[in-house]
Amino acid sequence: MTRDVDYTWRLAELMASRGWHNSTDLTPHLRERGIDLSASQVYRLVTQRPERVSLKMVSALCDIFACGPQDLITTTAADARRKKTATGPTNVTDLNKSIRPRRARVIADDN
């Protein structure tokens, strides 16, 4: 059975717990740890759920907030639901194939 795996990025919550309400509050702390990002990159890091994050970035954020990776990223995994499949014909009508409509002929009107 397949599993659906998902995660929640909790950087904004960690910042709010410290009283940091702007993404610019995080920039100097990242620079102290050797991570130099533009203002728009820091904003996207805080407000959006990143698809790819380097381990150096996760380590720096964990050091800034004195937390572990499990506090920054919470994961969920559940069994994927199986899609229901049809077991047999339920609404199929059997057509009588011996009775077919006759082809129409269009005759030009000479009037």
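The values are calculated or read from the model by the stated rules, or taken from the named source; none is laboratory data. Since we're looking at a predicted model, the values are computed, not measured. Glycine also receives a Cβ, built like all others from the backbone with ideal geometry; neighbour counts cover every protein chain displayed. Just so you know, the surface numbers come from the protein's heavy atoms only, side chains and all, with ligands and any DNA or RNA stripped out. Shrake-Rupley method; radii C 1.70, N 1.55, O 1.52, S 1.80 Å.
A few comments on the model shown:
- Near the amide H of residue 74, within less than 5 Å, lie the amide hydrogens of 8, 10, all on another chain or at least 5 residues away, with H placed in the peptide plane.
- Based on DSSP H segments of at least four residues, each scored -39500 (n - 2.57), the chain has a per-residue ellipticity at 222 nm of -9000 deg cm²/dmol.
- The label point for residue 39 and the one for residue 110, both projected 7 Å from the Cα toward the Cβ, are 8.9 nm apart.
- The chain - percent of accessible surface contributed by carbon and sulfur, probe 1.4 Å: 49
- Using the Karplus relation 6.51 cos²θ - 1.76 cosθ + 1.60 with θ = phi - 60°, the per-residue 3J(HN,Hα) values for the range 72-78 come to 7, 10, 9, 10, 9, 9, 9 Hz, with x marking Gly and Pro.
- Kirkwood-based shape ratio for the chain, expressed as Rg/Rh from alpha carbons: 1.58
- Label zone (residue 5, point 7 Å along Cα-to-C-beta; backbone nitrogen cut-off 20 Å) within the range 18-62: 49-59.
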